[in-house]
Amino acid sequence: MNRSPRRRVLAATLSTTAALVVAGGAVLLSAGNASAATTLGASAEASGRYFGTAVAAYKLSDSVYSTILDREFDMVTPENEMKWDATEPSQGSFSYTSADQIVSHAQAHNQRMRGHALAWHSQQPSWAQSLEGTAIRNAMINHITNVATHYKGKIYSWDVVNEAFADGSGGGRRDSNLQRSGNDWIEVAFKTARAADPAAKLCYNDYNTDGVNAKSTAVYNMVKDFKARGVPIDCVGFQSHINSGSPYTADYQSNLQRFADLGVDVQITELDIAGSGSAQATTYANVVKSCLAVTRCNGLTVWGIRDSDSWRASDTPLLFDGSGNKKAAYDSALAALNGGGTTTSPTTPTSPTSSPTSSPSTSPPPSGTAGCTATVSLNQWTGGFVATVKITAGSAKISGWTTGVTLPSGAAITNSWNATATGSSGAVSFTNVAYNGAVNAGASTEFGFQGTGAGPSATPTCTAR
Ligand code: 9MR
């Protein structure tokens with residue numbers, strides 16, 4: 001069953017050993033920092049997540065490309081090979097050669113697969129482009145049934161429907177032959193995919209939804225409706241093609257969280273960030289941290305390996321340069337995955353009435369002893385709040401921590417991430433989870449919680465082990 005991946009269990013079970021070999025031969029070292037893995041995939045696995053990339057079949061014979069792929073990544077999305085035009089070039093005649101090549105490569109290297117994409121207005125074969133009404137509806141159903149059946153049991157999650165919402169402030173559906181076949185085409189696509197491969201997570205995937213805006217809210221309302229009516233949907237993909245026209249915004253994390261709160265997983269599916277140097281590196285770290293802060297964020301996929309592999313190469317938006325060297329963005333993303341790094345993920349209110357605050361602990365540990373301090377960043381609005389707590393080790397490395405907060409009367413915690421909560425109102429304590437207890441001297445880790453009512457106003461306590 002793809003929903004409880006084998007390696008997730010392995011990583012959790014074995015993370016206390018001194019060193020171990022995980023996917024792609026990457027080594028997870030416990031010396032110095034128990035969660036400091038040396039590759040993107042191994043590092044993501046330490047928190048039960050994945051780190052993937054889009055792959056083009058024709059590049060697998062490029063040894064620079066495949067060496068990086070197999071060293072760094074534990075999830076693979078075919079960049080074009082599973083699309084409708086590639087898999088059903090003439091109606092009823094299916095062609096899986098290139099996609100199968102990617103699946104075989106992934107299986108041989110212990111990488112899982114994201115399937116992309118079963119139903120989409122773009123990259124339809126020409127025969128489908130000319131269909132309308134019942135004809136396109138039936139063609140879609142037949143296509144999904146065939147492709148999802150061919151890959152049954154081999155796909156961790158499918159982008160069942162891609163980019164069905166319009167850009168702009170209207171919050172409506174995008175016009176297409178699929179949309180014109182009836183507004184229910186999306187739920188029909190999901191039901192068809194579920195019937196064909198019940199083990200795959202079924203995702204809705206889109207771009208310009210990487211923050212709270214009219215388009216993401218339209219998707220949110222659809223997911224909410226699907227959940228209420230029992231339409232099978234398991235996840236939402238956020239493409240995250242980030243550039244000046246579609247920037248990383250401070251509500252990135254809270255947007256992921258509001259979807260997760262509907263009862264679906266969230267995934268970063270096509271990440272690339274235009275730019276270079278430290279600005280690009282900071283944004284990569286912020287996106288990674290946002291995913292790590294959301295319990296139901298399963299993992300991240302970058303849309304290509306080297307800048308030269310990108311669909312928009314001139315933006316140099318990826319983690320490796322054209323020669324395959326690691327960029328600053330790589331180091332920053334890895335550090336963020338390992339719970340370190342120097343960037344902070346800004347959080348903003350989900351309503352305009354919020355006022356972020358930050359307060360340092362009043363009881364710093366004695367120097368030279370194991371100890372920790374905690375600071376809280378609070379975003380609140382009428383009726384609720386999100387708190388991000390930063391735990392910082394003192395002058396010695398710590399191996400675990402517990403922090404205490406006091407909630408005002410009437411407040412209650414509804415959700416937390418990257419920590420185990422004891423209690424939900426009044427005095428509440430949070431203890432590290434397996435992968436973020438060890439914090440090096442002077443280094444930090446973060447966890448968060450969400451609640452109803454007002455957030456804590458006093459400084460959290462921090463006790464180290
Ligand atoms: O990266 C893909 C590029 O090679 C194709 O030419 C293009 C065709 O539509 O699709 C690109 O991938 C897109 C993805 O499938 C869906 N989201 C946007 C991606 C970038 O355009």
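Straight distance only, please: which lysines reach the Cα of Lys390 with their own Cα at less than 26 Å, same-chain residues fewer than 8 apart left out?
Lys289
Report the label-to-label distance for Asp175 and Ala214 in nanometres (one decimal), using points 7 Å from each Cα along the Cα→Cβ vector.
Roughly 1.6 nm, to one decimal.
How high is the relative contact order of segment 117-262, in percent, with contacts defined as C-alpha pairs under 8 Å that are six or more residues apart? Numbers along the way, then the final one.
Working: 229 pairs, mean separation 36.7, N = 146.
About 25 percent, as a whole number.
Relative to the Cα centre, what is the charge dipole magnitude of segment 173-213, using +1 at the beta carbon of each Lys and Arg, -1 at the beta carbon of each Asp and Glu, and rounding to the nearest 20 debye? Mind dumping the intermediate values first?
Numbers: 6 positive and 6 negative charges, 22 e Å.
The dipole of segment 173-213 has a size of about 100 debye.
So which aspartates and glutamates can Lys397 reach, going by Cα to Cα under 17 Å and dropping same-chain residues fewer than 8 places off?
Filter leaves Glu446.
Restricting the calculation to Cα positions, tell me the Rg (one decimal) and the Dmax (whole number) of segment 180-282 in Å.
Calculated on Cα positions, Rg and Dmax stand at 15.0, 47 Å.
Would you please give the FRET efficiency between Gln129 and Asn221, computed as 1/(1 + (r/R0)^6) with r the Cβ-Cβ distance and R0 = 30 Å, to the nearest 0.05?
Values: r = 29 Å, r/R0 = 0.96.
Using R0 = 30 Å, I get an efficiency of 0.55.
For a Förster distance of 22 Å, can you work out the FRET efficiency between the beta-carbons of Gln101 and Asn142, rounded to the nearest 0.05? Show your work: numbers first, answer last.
On the way: r = 24 Å, r/R0 = 1.09.
The calculated FRET efficiency here is 0.40.
If the reach is capped at under 13 angstrom between alpha carbons, list the aspartates and glutamates near Lys154, excluding any in the same chain fewer than eight residues apart.
Asp100, Asp197
What are the ³J(HN,Hα) couplings of segment 220-225, residue after residue, when phi is run through the Karplus curve with 6.51, -1.76, 1.60 and θ = phi - 60°? Round to Hz, x for glycine and proline.
So the J values, rounded to whole Hz, are 4, 5, 5, 4, 4, 5.
Read-outs throughout are calculated quantities, based only on the coordinates presented, and are distinct from any laboratory measurement. The shown structure was predicted, so the numbers you read here are calculated from the model rather than taken from an experiment. Quick reminder, even Gly has a Cβ in these numbers, built from the backbone with ideal geometry, and neighbours come from all protein chains shown.
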